[in-house]
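Encoded as structure tokens, the structure appears first; notes follow it.
Bear in mind these aren't lab numbers, they're just calculated from the coordinates by the rules spelled out. All values derive from a computational prediction rather than experimental measurement. Note that each Cβ is placed from the backbone with ideal geometry, even for glycine, and that neighbours are counted across all protein chains shown.
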Amino acid sequence: MSETINWQYLKYFEEVAKEEHFTRAANTLHITQSALSKSIDNLEQDLGFPLFEREGRNIKLTKYGQILANSVANATKEIEDSIVTIRNLLSPDNGIVSFSSIFSMGAHFMPNIIKQFSSRHSRIKLNYYQASTADILEDVMTGRIEFGFTGEFNLSRYPMIDREPVLIEELVVIVPVDHPLADRKTISIDEIRDETFVGYTDNTGIIHSITRALGIPFSAFKVNYSANEDNTVAGLVRAGLGIAFVADNPAIFLEGLRVLRVTNPRLTRTLYMCWKRDNYMTPAAKLFKYYVLSNIVPGQI
């Protein structure tokens, strides 16, 4: 038995099995009867068992041929269905776009993008996830998602990723309501340099934004606890375990906290849309990318 089966032979076999007649099958396939007979003979030799019983000019499937005919019919249908699915995905009016954002962007920025894009392209399905910056970049690199919306990251560690800024957020300081600084509206870095901080883990983008904005490593401050999500950081601050730099974002639950704006220097972080360079992009994905980057509000970045 041959290790590989000629797909064309299987297509010929499928038509002969359907017609149970070589001449009619040959006419349907637009080949000569002799070429069709030779192909079926070759297939039987490759398989090592007979597919048809010949009764004069008529033929019928053997029990082995019947088993194969059922399998070929199912396989052909699955392949044809897959081709239809792929063509639908490649249509600019259909398709699926998968993307992920950091958690804080899920409160305002991403819902607005999803709502507005879907109102214009209602037949394109959007699969939206949330994760840390590090996890998002990994998913972009492996192709699990087409786009990521992340915080700061080191481009030299991800040379195959392209990015464009989509949003700039102010970084503020949060303190518990009973903190000595709770009555202040603004603060300078020098005034909080000796405070105990709640920080962020290394897989988050905001920790790199804080370091970049400060111009010194965040580890230069006294940090007792670290978390990977804004509301967890806020909860630790609320519990009196330190103060924290956070993004000025509606996603953060601020009950029991006070927000202090940093005036010297003013701190910000940049958020990005990113994708894998040179990766094939479906028409639907191209539409989504164009929509996001062409609808950035002036002043947000």
Of the residues V16, V246, V175, which exhibits the maximal mean-square fluctuation in a Gaussian network model of the chain defined by a 10 Å Cα contact cut-off? V16
Can you show me the helix-derived [θ] at 222 nm for the chain, built from DSSP H runs with n ≥ 4 at -39,500 (n - 2.57) apiece and divided by the number of residues, rounded to the nearest 500. -12500 deg cm²/dmol
Sum up the charges of everything whose Cβ sits under 12 Å from the Cβ of G95, counting Lys and Arg as +1 and Asp and Glu as -1, but leave G95 out. +2
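Can you classify the chain as rounded, prolate or oblate using the Cα gyration tensor, where a ≥ b ≥ c are the square roots of its eigenvalues, rounded means a/c under 1.5, and otherwise it's prolate if a/b beats b/c and oblate if not?
On the way: a/c = 4.22, a/b = 3.48, b/c = 1.21.
Prolate.
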Amide proton proximity set for I243, modelled H, under 5 Å, gap of 5+: T196, F197, V198
Which order do peptides 136-145, 229-238, 254-263 fall in by mean Cβ count within 10 Å, highest first? 229-238, 136-145, 254-263
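Please give the net charge around M281, taking every other residue with its beta carbon less than 10 angstrom from that of M281, where Lys and Arg add +1 and Asp and Glu add -1. Present the calculation step by step, with values, prior to reporting the outcome.
On the way: positive: K276, K286, K289; negative: E146, D278.
It works out to a net charge of +1.
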Relative to the chain, whose Cα atoms define the longest principal axis, helix 109-120 and its Cα axis are tilted in degrees, nearest 10, by 40
What does the charge add up to near V172, with Lys and Arg as +1, Asp and Glu as -1, over the other residues with Cβ less than 9 Å from its Cβ? -1
Helix axis angle, 63-90 relative to the chain longest principal axis, alpha carbon, degrees: 40
Picking from A134, A285, A73, which is most flexible by a Gaussian network model of the chain using Cα springs under 10 Å? A73
The chain, Gaussian network, Cα under 10 Å: of S188, S119, S71, the residue fluctuating most is S71
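Is the stretch 168-269 rounded, prolate or oblate when judged by the Cα gyration tensor, a ≥ b ≥ c being the square roots of its eigenvalues, rounded requiring a/c under 1.5 and prolate requiring a/b larger than b/c? Present the calculation step by step, with values, prior to reporting the outcome.
Values: a/c = 1.26, a/b = 1.10, b/c = 1.14.
Since a/c stays below 1.5, the shape of the stretch 168-269 is classed as rounded.
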Taking amide H positions as placed 1.01 Å from N in the peptide plane, with prolines and chain starts having none, which residues 5 or more places from T268, or on another chain, fall under 5 Å of its amide H? L171
